[in-house]
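What follows is a single structure, written as structure tokens, with notes after it.
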Amino acid sequence: MTAAPAADRPSVGLFVTCLVDLYRPTVGFAAVELLEQAGCAVAVPATQTCCGQPAYNAGDVPDTKDIARRVIDTFSAFDYVVAPSGSCAGMIKAHYPRLFEDEPEWQHEALMLAERTHELVSFLVDVRGLADLPGRPAYAGTVTYHDSCSGLRELGVKAQPRALLSQVEGLTLTELPGAEICCGFGGTFCVKYPDVSNKMVEEKTADIADTGADTLLAGDLGCLLNMAGKLKRQGRATRVRHVAEVLAGMTDRPAIGEPRR
């Protein structure tokens, strides 16, 4: 895909997400690279905060509303809001409008933001029409892909990452049995129900091992951290990466859970 003309350079506010900011900034850099390759003018607002999902899941509606209002104000000027996370994008797109059902003016603003908000890979494929990855990134190995719950069920992210991964030279995709089954993370779910969560991730890592893949990919860092932690504790050598890192050709740094070189 060639660079878009200046008149077709939409402004994109990158919603970095808390986990990317704190644990895996490389995912944010990869997201910027991919968005710029897709002809977008990208900005990362310094005033952005958490999307409010942890508070929302805990039933803390007042604090969630305060956080949501700040997010709405922060990203109001952009043509699009893009997050390298189906979970955070799903919170903004699916839950913000419901959050303000008793406040019509804020609900209007929430609906407007929801219409402009997208998960990263979905945005690249469905909005920007990216079919061929610029620079033809390469990744030598066999990967398997986990479909994160929010991206899959709230945003319909399924075919898009697979379509782009098919453009990566040297990469072989082996489908994961039960790819659509939750890994057990679920945000606060893993804290409230640790035994159930642990059983779910044990079943997930067994399925990952059965594929024979050397690398696990997904689009949500929470899921990836959960599965990477279990794989490491089990002594498995499977590398774990966010799909954006592979698509952007940024795989020279250690995978998730690996020591820094």
* Simple spin-label model, 7 Å along Cα-to-Cβ: residue 46 to residue 112 in nm? -> 2.6 nm
* Structure fact -> Shape call for segment 138-247, from the Cα gyration tensor axes a ≥ b ≥ c (a/c under 1.5 means rounded, otherwise prolate when a/b beats b/c, else oblate), comes out oblate
* Using alpha-carbon positions, what is the distance between the centroids of segment 69-115 and segment 30-59, in Å? -> 12 Å
* Total charge dipole magnitude, segment 138-247, about the Cα centre, Cβ charges on Lys, Arg, Asp, Glu only, Debye to nearest 20 -> 300 debye
* Filtered GluC sites (Glu not before Pro), segment 177-261: DSSP coil and at most 14 other beta carbons within 10 Å -> 180
* Total Lys pairs in the chain closer than 27 Å by alpha-carbon, pairs eight or more apart in sequence or interchain only? -> 15
* **Likely footprinting exposure, 150, 85, 197, fewest C-beta neighbours within 10 Å first** => 197, 150, 85
* For segment 138-247, with the dipole built from +1 on Lys and Arg beta-carbon atoms and -1 on Asp and Glu ones, taken about the Cα centre, which of 217, 163, 197 lies farthest toward the positive end? -> 197
* When a/c is below 1.5 the answer is rounded, else prolate if a/b is larger than b/c, else oblate, so apply that to the chain with a ≥ b ≥ c taken from the square roots of the Cα gyration tensor eigenvalues. => oblate
* Asked: In segment 55-137, what GluC sites (Glu not before Pro) fall in a loop by DSSP, with at most 13 other Cβ atoms inside 10 Å?
  -> 101
* Asked: Using 1/(1 + (r/R0)^6) with R0 = 35 angstrom and r between the beta carbons of residue 199 and residue 23, what's the FRET efficiency to the nearest 0.05?
  -> 0.90
* **Size of electric dipole in the chain: Cβ of Lys, Arg +1 and of Asp, Glu -1, about Cα centre, debye, nearest 20** => 820 debye
* To the nearest 20 debye, what charge dipole does segment 1-104 have about its Cα centre, counting +1 at the Cβ of each Lys and Arg and -1 at the Cβ of each Asp and Glu? -> 160 debye
* Before rounding to the nearest 500, sum -39500 (n - 2.57) across all DSSP H runs of length at least 4 in the chain and divide by the residue total; then give [θ] at 222 nm in deg cm²/dmol. => -12000 deg cm²/dmol
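Rule-based calculations on the coordinates, nothing more; no lab input. Remember, it's a predicted structure, so these values are computed and weren't measured experimentally. Backbone-built Cβ (ideal geometry, glycine too); neighbour counts: all protein chains shown.
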